[in-house]
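For reference, the structure is listed below as structure tokens.
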Amino acid sequence: MVLGPAPSSRSRCEVFSGVAGWLAIGVGMLVLAGWAWNIDPLKRVLPGLVSMNPATAVGFLFAGWSLWLQHRDPAIAARTATTTSLARGAAMLVVAIGALRLAGYALDWHHGVDQLLFADKLLHDTPSLPNRMAPNTALNLVLLGLALFMLDVTTARNRRPAELFSASVVLLSLLAMFGYAYQVPQFYDLAAYIPMALPTAIVSSLLALGILCARPGRGLMVLATSASLGGSQVRRLFPAMVLALFVLGWLRLEGERRGLYGRELGVALYTLANITIFGALVGWSASALHRSEVERGRAGAGRAEALALNRMIMDNSLDVICAIDGDGRFVEVSAASESLWGYAPSELVGRAYAELVHPDDIVRSAEAAGSVMSGQPAVDFNNRYRRKDGRMIDIDWSAAWSEPGGMMFCVARDATGRKLAEQAILALNSELAASAAELQQTNHELESFSYSVSHDLRAPLRHIDGYARMLQEDAAGQLDAEMRRYLDAISASARNMGVLIDDLLAFSRLGRQPVERIVVDMNALTERALHEVGGGRPGGPRVQVAPLPPAHGDPVLLRQVWVNLLSNALKYSAKRGDAAQVEVSGERDGDVTRYRVRDNGVGFDMRYADKLFGVFQRLHSQDEFEGTGVGLAIVQRVVTRHGGRVWAEAELDRGATFTIELPVAETPAMEDSA
């Protein structure tokens, strides 16, 4: 298994690639400024060196810009089509500048692209030859432009042309730099042509290395940036080897030129230094590898057991568990992939996950993957995938990057059902909103109806009652007993109807009246309610009120509870005469406060207890006991709105007990929807 780049290596590569692009742009601008204002150090760096041609500076500007636009891998970073087109367009301009200069040399053109800028200054820049772009410089520009243009191209054999072009530029540039360092003109000067400038060689090599680092998870760079031991050794040994050889060779030549030693001694010293330095490097590398092998041996048994456990988890997990490398390709996939995607694990290993992602989700998925690779785990990231049968499904991902493994470990599950449920909930919420609006409209209509009842129906009832009494008074001498009984019944029915309307209005207002919750003194509230209903009067039932614990609620609404419960108890126990008795008690029980109203009246049959708290539900006839059948419905609504409950227990001719429970602390009101 090939390990992908570690996040730290990837980050450093991206930074270096971006910096290389900006350096090329900066050098190009400085060189053009040097030509424009005749600032010699900006053109040639050191006195006596060749100046960089303005066309070369322009080529570096476009190459640096193209590299900057592309220095992040599109597999993990979003990029628009416009950005890609601009980057490739700039790369082709670089190719065109170099190719035109090469064509000029081949066809013996005396005026070319390298003389378009500052032509008069170019003629006198060097004593022997006019400043022209060197052939090796032109070739470097062509290779750099092609590498930038084909940065994301991979052939059928998994070859990357950009790496070949960039490596060629590095070799040509190193050849020139070695020529300057070792004073070997043949390495940078091609006889009749102006030599490659030293800044040109340096910037070309930086750009080429920046192009290689722009894709650390692909091609040759996979090994160089890998978290494996091989990758670690390459990163440590290769730069040390290049630097050591360069410095040792320069020191040998410089010592011979200064006459410090002869050729034989120089060769001997050079060889001895090589043996010493590379022996130290090999020893250090071998020591590191040995330590790693020892640690690996110690962990071997445990690793085998862990691998077996991991395989068991992979094979039995209901969710898909997979590992994805730095190139975005599946490295390992659990057996659940077949039920999720329709693909067997063997069909997915080596395949890029982006091939299965819905086209509209690719950019967002690449951004999320880049964030994970930079060390920020993703939890419940959702995107759409195409199954083997072509059907699109929603998937929830959780993923984290493993620094030692250089891979992204992910868990995926089918979220299609959840998404459908969410859509159903949204649709239900929409329906509920519509129903709420309709209910609000209905409430407005009921309020209008209540207003009509309270104003329009009361007047006729008052007229009926008034005219019946007037008729009875004015025609008293002409009416017999039966007629007067009829008029009394008419007046009583009108008054009873008025009371019934008042009770209905009070009941309907309870649903809209807000509950103001405070600490209520139930002893004082019961005393006022008892006085209101006429309790404790001579000849009436005897009322005993025990000390009551306070309640947490609305005193106005709770007063209606006591009024209705006490009036019922007095009414239904009145026929007991002197033996009639009503008892009121209360107690605190945990998180509720319980109150009871007990009487020894007529009671009722418990088979009909479910009808007791309904509107207009009466268990005794109007002839036996007056009433509208609304009082207990009001009690239940008030208690329910306080988050409590109410119930009754009774026996025929042995009285009844009504119990209410209210929460001690404030709780959300459970509104009665009736």
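Ser66 falls short on exactly one of the conditions (1) at pLDDT 85 or above; (2) under 30 Å from the mean Cα position of the chain (by Cα); (3) crowded, with 21+ Cβ neighbours inside 10 Å; (4) hydroxyl-bearing (Ser, Thr, Tyr), and that condition is (2).
Taken as a whole, the condition of being open to solvent by 70 Å² or more (accessible area, probe 1.4 Å), at pLDDT 80 or above and either in contact with a Lys or Arg (Cβ under 8 Å, 6 or more places away or on another chain) or farther than 21 Å from Glu649 by Cα (or both) does not apply to Asp554. Check whether at least one residue in segment 417-428 is under 22 Å from Ala323 (Cα atoms) and open to solvent by 20 Å² or more (accessible area, probe 1.4 Å), and report yes or no. No, segment 417-428 contains no residue that is under 22 Å from Ala323 (Cα atoms) and open to solvent by 20 Å² or more (accessible area, probe 1.4 Å).
Counting just the residues of segment 216-237 that are modelled with pLDDT under 70 and touching a Ser or Thr at 6+ places or on another chain (Cβ under 7 Å), which one comes out nearest to Ser17 (Cα to Cα)? Here the answer is Thr225.
When segment 154-210 is filtered for residues that are of a type in the set (D, E, K, R) and more than 49 Å from the chain's Cα centre (by Cα), only Asp189 remains. Taking the criterion of being touching a Phe, Trp or Tyr at 6+ places or on another chain (Cβ under 6 Å) and either among the hydroxyl-bearing types (Ser, Thr, Tyr) or open to solvent by 30 Å² or more (accessible area, probe 1.4 Å) (or both), the only residue of segment 94-119 that qualifies is Phe118. When Ser205 is tested against the conditions (1) of a type in the set (Ser, Thr, Tyr); (2) open to solvent by less than 30 Å² (accessible area, probe 1.4 Å); (3) modelled with pLDDT under 75, the lone failure is (3). Of all residues in segment 563-584, those that are among the charged types (D, E, K, R) and assigned to a helix (DSSP H, G or I) have Cβ atoms under 8 Å from Cβ atoms of residues that are open to solvent by 50 Å² or more (accessible area, probe 1.4 Å) and modelled with pLDDT under 85, 6 or more apart or on another chain, in Lys571/Glu626. Answer yes or no: is there a residue in segment 390-398 that is open to solvent by 80 Å² or more (accessible area, probe 1.4 Å) and either at negative phi or touching a helix residue (DSSP H, G or I) at 6+ places or on another chain (Cβ under 7 Å) (or both). Yes, some residue in segment 390-398 is open to solvent by 80 Å² or more (accessible area, probe 1.4 Å) and either at negative phi or touching a helix residue (DSSP H, G or I) at 6+ places or on another chain (Cβ under 7 Å) (or both). Is segment 238-254 home to any residue that is of a type outside the set (Gly, Ala, Ser) and at pLDDT below 75? Taking every residue of segment 238-254 in turn, at least one turns out to be of a type outside the set (Gly, Ala, Ser) and at pLDDT below 75. Condition test on Glu583, is it open to solvent by 30 Å² or more (accessible area, probe 1.4 Å), in contact with an Asp or Glu (Cβ under 8 Å, 6 or more places away or on another chain) and modelled with pLDDT of 75 or more? For Glu583, the condition - open to solvent by 30 Å² or more (accessible area, probe 1.4 Å), in contact with an Asp or Glu (Cβ under 8 Å, 6 or more places away or on another chain) and modelled with pLDDT of 75 or more - is met.
Among the residues examined, Ala181 qualifies as assigned to a helix (DSSP H, G or I), surrounded by fewer than 24 Cβ atoms within 10 Å (Cβ to Cβ) and touching a residue at least 60 places away in the same chain (Cβ under 8 Å). Kindly establish whether Ser337 is buried (at least 20 other Cβ atoms within 10 Å of the Cβ), closer than 22 Å to Thr84 by Cα and without any contact (Cβ under 8 Å) to a residue 40 or more places away in the chain. When the stated conditions are applied, Ser337 does not pass them.
The values are calculated or read from the model by the stated rules, or taken from the named source; none is laboratory data. All values reported here derive from a predicted model rather than from experimental measurement. Here the Cβ is made from the backbone with ideal geometry for all residues, glycine too, and neighbour counts use every protein chain on show. All accessible areas refer to the heavy atoms of the entire protein, side chains included, with ligands and DNA or RNA removed. Shrake-Rupley method; radii C 1.70, N 1.55, O 1.52, S 1.80 Å.
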